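The values are calculated or read from the model by the stated rules, or taken from the named source; none is laboratory data. It should be emphasised that the depicted structure is a prediction, and the values quoted were computed from it without experimental measurement. Reconstructed Cβ throughout: ideal geometry from the backbone, glycine too, with neighbour counts over all protein chains shown. Just so you know, the surface numbers come from the protein's heavy atoms only, side chains and all, with ligands and any DNA or RNA stripped out. Shrake-Rupley method; radii C 1.70, N 1.55, O 1.52, S 1.80 Å.
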Amino acid sequence: MQRRVPITEAQRELSYAKYYDEEIVAPPRESLALIQKGPIDPAEALPISERNRLFEPGYLEAEIGFCIMPDGTGYVANLTRMPGVTAEMFDWWFAWHGLDSLRYKIWDREDHMYCQTRNPEQARDPKLSYKEKYWNTRHDVIEAFGPEPKEVVIPFIPPQNMGFDPEKLKDFKGTIVAMAAEDNRTISCHFVQPVEGGVELYSRFWFGWHLKDGHPERFDDKIMPEQLPKALLLHNIKEFTNLARLLPRIFPEERDNF
């Protein structure tokens, strides 16, 4: 039996506590098989300088994989198919789940230990759109991937501030959850593209990079150990496979529960 992060009796009384008791969805075997083959060729990775290629139709060279780049930085790519999910649901989730740790725990009851937004008033502001509720906020997170739990600060910013083309964003029917800051050593995004019957989620992580004056720069000259991007990719597959099943059910029930 897999471990579960604990919840309190007070959390047990919350309307969405029922999802904590559900088994986590098994990750796709084909995704896990790709990881077992080892790292991808860095030539198949998407350089951070080419991030606007995510707008292109079709698939890039390696949509699922990890590697260490020639400059020593780390890279993770994942593709999650999410039937019945919309871009609106995805934005809502990132606006909503940082207000109570149980919301983070039902996403992955085995690995998600704590999450709290530093900007709860912003998240609860009824005048703001879902995107605006989490843009320019930070979440303090404790999660397990790899051998030890990690304390992480996740800075959310508007996608144009991460260098996504404003002209392409004007007519974009999906959404982009962009995460970067000058004091954060990883730049990442969840790029959500509508498809028939749902969305496809393209997640990208560039380890060893930060945003300096609006532009990606190397954070330092350290060489990333291969185990870190591999562990994060395994975790990413697990948590977003589970979220794909959760979102279509919880969104209509809790969408106004801020």
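So for the range 1-133, considering every pair of alpha-carbon atoms, how many percent are separated by more than 22 Å?
Numbers: 5013 of 8778 pairs.
The share of Cα pairs beyond 22 Å in the range 1-133 comes to 57 percent.
So what's the back-of-envelope 222 nm ellipticity for the chain, counting only DSSP H runs of four-plus at -39500 (n - 2.57) apiece and dividing by all residues, rounded to 500?
Working: 8 runs with 72 residues, N = 258.
For the chain, the value works out to -8000 deg cm²/dmol.
Using the Cα gyration tensor of the range 179-235, with a ≥ b ≥ c the square roots of its eigenvalues, what is the shape: rounded (a/c below 1.5), prolate (a/b larger than b/c) or oblate (neither)? All intermediate terms of the calculation are to be shown ahead of the outcome.
Values: a/c = 3.92, a/b = 1.53, b/c = 2.56.
Because a/c hits 1.5 or more and a/b fails to exceed b/c, the range 179-235 counts as oblate.
Separation of the range 213-243 and the range 130-149 by C-alpha centroid, Å?
So the two Cα centres are separated by 13 Å.
Starting from the alpha-carbon convex hull of the chain, give the projected area averaged over all orientations, in nm².
On the way: hull surface 55.1 nm².
Orientation-averaged projected area of the Cα hull: 13.8 nm².
Counting only protein heavy atoms and a 1.4 Å probe, tell me what percentage of the range 99-154's accessible area is made up of carbon and sulfur.
Working: 1350 of 2600 Å².
C and S atoms contribute 52 percent here.
Can you list residues whose amide H is under 5 Å from N184's amide H, if they're 5+ apart or on another chain and H is modeled 1.01 Å from N?
Result for N184 returns L211.
Translational diffusion coefficient of the range 71-208 at 4 °C, 1.567 mPa s, Stokes-Einstein with Kirkwood Rh over Cα pairs, in µm²/s as a whole number. Write down the numbers at each step before the final one.
On the way: Rh = 15.8 Å.
Once the numbers are plugged in, D ends up at 82 µm²/s.
Identify all lysines with a Cα-Cα distance to K173 below 16 Å; exclude those on the same chain that are fewer than 8 residues away in sequence.
List returned: K131.
Taking 7 Å along the Cα-to-C-beta vector as the label spot, tell me the Q116-E151 distance in nanometres, rounded to one decimal.
Going from the Q116 label point to the E151 one covers 1.2 nm.
Could you tell me which of L14, P42, P28 has its Cα farthest along the dipole of the range 1-64 towards the positive end, charges placed at Cβ (Lys, Arg +1; Asp, Glu -1), taken about the Cα centre?
L14
Per residue, how much accessible surface does the range 1-44 expose to a 1.4 Å probe? Answer in Å², no decimals.
On the way: 3210 Å² over 44 residues.
Accessible area per residue: 73 Å².
Based on the alpha carbons, how large is the Rg to Rh ratio for the range 135-255 when Rh follows Kirkwood? Each step should come with its number before you reach the end.
Working: Rg = 15.6 Å, Rh = 16.0 Å.
My calculation puts Rg/Rh at 0.97.
Check the straight Cα-Cα distances from K18 and name the lysines below 25 Å, setting aside those fewer than 8 residues away within the same chain.
Leaving aside lysines fewer than 8 places away in the same chain, those within reach of K18 are K105, K238.
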